[in-house]
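Q: Below is a structure I'd like to ask you about.
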Amino acid sequence: MDDHTGKAGLSPAGRSAAFHVVLAIEIWERFGFYGMQAILLLYMIQKLGMQDTQANMLWGSFAAMTYAAPVVGGWLGDRVLGSRRTMVAGGIVLAAGYLLLGMMSGTAHALFAGMAIIAVGNGLFKPNSCNMVNIIYRGQDRKLDVAFTIYYMSVNIGSTFSLFLVPLVQQSYGWGAAFMSCGAGLALGVAGYFIRHRRLGTVGTIPDFRPVPWRHGLMVAVGAAVVVALMARVFASASIQGVLVIASGVVIMLAWAGVYARAAAHERPGLRIMFLLTFEVALYFVFYQQMVTSLTLFALRNVGKEFTLFGLHLFSMSAGQFQAFNPLWIMLGTPLLIMIYNWLGRRDADIGIAGKFVIGFACVTLSFLVWWLSAVLAPSSHVSPWVMLLGYGPLSVGELMINSLGLAAIARYVPVRISAFMAGCYYVLIGFAMYVGSIVANMAAVDNAQGLDAARTLLIYGALFRTLAFMAGGATVVFALLLPVVRRWEQANACARKQA
């Protein structure tokens, strides 16, 4: 066995079989997470009676914790439990979190505990499921690219299905049943893993092939329980949330400064590029966070739910289901972008990562222009639901242009010796950005206790979307003007690597 990864012991058929086991549990994991995402903010407001401000910030804190937790989960998979064991443990913990929300729906304490369990479970699952795919196809670069393309597409299939289904379950059977469906789906995924786990028998990190000392297992379990309790306490206190998230952003900035100060001269041009591109990715997530916050509440209060064409009724959608347009557009856009990239590559006209980011921000600008103009030009207090379908298109293409290339920038420009550390910083910074996104969403927060006038809320959301359109447009211009600087840094980085 090569380096305890199982690579040498797998035939092509064995790799495919192992990949499909990981893919299946990943699809069900995304089913659970995105189904929960579709209804959680609405649950806070409609069921628990939270104000917009509190619900938006609670979701932002949850997103920040969810993105930060994989830093520790990846370390546990690499050094303590093994990626395979940690992935499965994460799936079980996630299912428990969804089931807790379902069985104890209606209480704030259950919400905080369930969110904490889900954040910990995501931290255990997410980095290790991706690492399992890396291990299965290690040394098979072309097959690895194909595998991750299939992986990304399949994940979007799972999320699209749940974003449509779970809100429908909520409407028909209540909040508890909706959350429990998320847990039941993931439980099926975990059960499927145990039925076919032998296909992954030779795949994993070094600890997967050693017995776990009972002391280590106990320490991990106790540590996870303590983290869940601390996170639940954080979710219960808005002041603690803000302090911790802001502190995390400051720590990342200081860590980056330290890394740059200690870096060799030939490493610094690449680090400068990575810092700029990572900032751009983080800024994108401020806009991305609106899908779950302001755009979902806009859909709830000011978007018609009946899709008609030439007077013919086609179908209806609830507020949470509009989020499904994002993965739908991603599935449609991915093959098209791959064709365009291949066409440009054959003509030696490839667009660099920084150029793709500029195009991505132009797409984000277009989306918020669509939503702003729909609010300004609406003949009544409710805009057409087709506006949501249209607006999600450019925003999702922007995600493909920016988010999907974020880690690629780290791999390309960061020295190998600190790449894992910088990837961890990347995820923490995205969590920080999503918290900032919730602060931005609160620019359109309304007081539910005063009663909701649709005409008034339409003006409020229109003003927010105008601000976001101008922000994205300004970012597009600034990042476009920085392209010559990035090209000089890239030339310096290439020369420095040759000399090193």
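Q: Heavy atoms only, probe 1.4 Å: what % of the accessible area of region 259-368 goes to carbon and sulfur, would you let me know?
A: Heavy-atom surface of region 259-368 belonging to carbon and sulfur, 1.4 Å probe: 70 percent.
Q: Could you tell me how far the Cα centroid of region 33-92 sits from the Cα centroid of region 219-295, in Å?
A: Computed from Cα coordinates, the inter-centre distance equals 15 Å.
Q: Now a separate question. So, for region 313-469, what is the accessible surface per residue at a probe of 1.4 Å, expressed in square angstrom?
A: Value returned for region 313-469: 42 Å² of accessible area per residue.
Q: Follow-up question, since we're still on this one. Using only the Cα atoms of region 232-293, what do you get for the radius of gyration and for Dmax, in Å?
A: 15.6, 47
Q: Normalized C-alpha radius of gyration of region 434-500, against 2.2 N^0.38 Å?
A: The value comes to 1.93.
Q: For the chain, calculate the relative contact order in percent as a whole number, restricting contacts to Cα pairs under 8 Å that are 6 or more residues apart.
A: 23 percent
Q: Magnitude of the Cβ-charge dipole of the chain, K/R +1 and D/E -1, about the Cα centre, nearest 20 debye?
A: That gives the chain a dipole magnitude of about 1160 debye.
Q: Would you work out which of ALA108, VAL88, TRP75 lies farthest towards the positive end of the dipole of the chain? Charges go on Cβ: Lys and Arg +1, Asp and Glu -1.
A: Checked the options; the winner is TRP75.
Q: Based only on Cα atoms, what mean projected area does the convex hull of region 305-386 have, in nm²?
A: 7.5 nm²
Q: Pop the C-beta distance of LEU337 and PHE421 into the FRET formula with R0 = 30 Å and round what comes out to the nearest 0.05.
A: Calculated transfer efficiency: 0.50.
Q: Please compute the per residue accessible area over region 143-214 with all protein chains in place, 1.4 Å probe, rounded to a whole number of Å².
A: 50 Å²
Q: Next question, about the same structure. Compute the signed sum of charges (Lys and Arg +1, Asp and Glu -1) over the other residues within less than 11 Å, Cβ to Cβ, of HIS382.
A: Its environment carries a net charge of +1.
Q: Mind pulling up the Rg/Rh value for region 145-222? Radius of gyration and Kirkwood radius, both on Cα.
A: Result for region 145-222 is an Rg/Rh of 1.11.
Q: Using heavy-atom solvent-accessible surface (probe 1.4 Å) with all chains present, what is the largest-first order of GLU399, GLU490?
A: Reading off the accessible areas and sorting them downward yields GLU490, GLU399.
Q: Calculate the length of the line joining the C-alpha centroid of region 381-407 to that of region 409-462, in whole Å.
A: Using only Cα atoms to place each centre, the spacing works out to 15 Å.
Q: Please state the relative contact order of region 318-442 as a whole percent: Cα pairs under 8 Å, 6+ residues apart?
A: Relative contact order comes out at 31 percent.
Q: Tell me the label-point distance for the pair ALA238, MET443, using the 7 Å Cα-to-Cβ offset, in nm and rounded to one decimal.
A: Label-label distance for ALA238 and MET443, simple model: 1.9 nm.
Q: Continuing with this model, one more query. For THR66, what accessible surface area do you get with a 1.4 Å probe? Give it in Å², rounded to 10.
A: Roughly 10 Å² of THR66 is accessible to a 1.4 Å probe.
Q: Now, a different point. Hey, what does the equivalent ellipsoid look like for the chain, semi-axes from the Cα gyration tensor as sqrt of 5 times each eigenvalue, largest first, whole Å?
A: They are 34, 29, 23 Å, listed largest first.
Q: Ignoring everything except DSSP H segments at least 4 long, calculate the 222 nm mean residue ellipticity for the chain; use -39,500 (n - 2.57) per segment, divide by total residues, nearest 500.
A: Calculated mean residue ellipticity at 222 nm is -26500 deg cm²/dmol.
The values are calculated or read from the model by the stated rules, or taken from the named source; none is laboratory data. A quick note: this is a predicted structure, and the numbers were derived from the prediction, not measured. Don't worry about glycine lacking a Cβ; one is built from the backbone with ideal geometry, like all the others, and counts go over all protein chains shown. Protein only, heavy atoms only, side chains kept; ligands, DNA and RNA dropped before computing areas. Shrake-Rupley method; radii C 1.70, N 1.55, O 1.52, S 1.80 Å.
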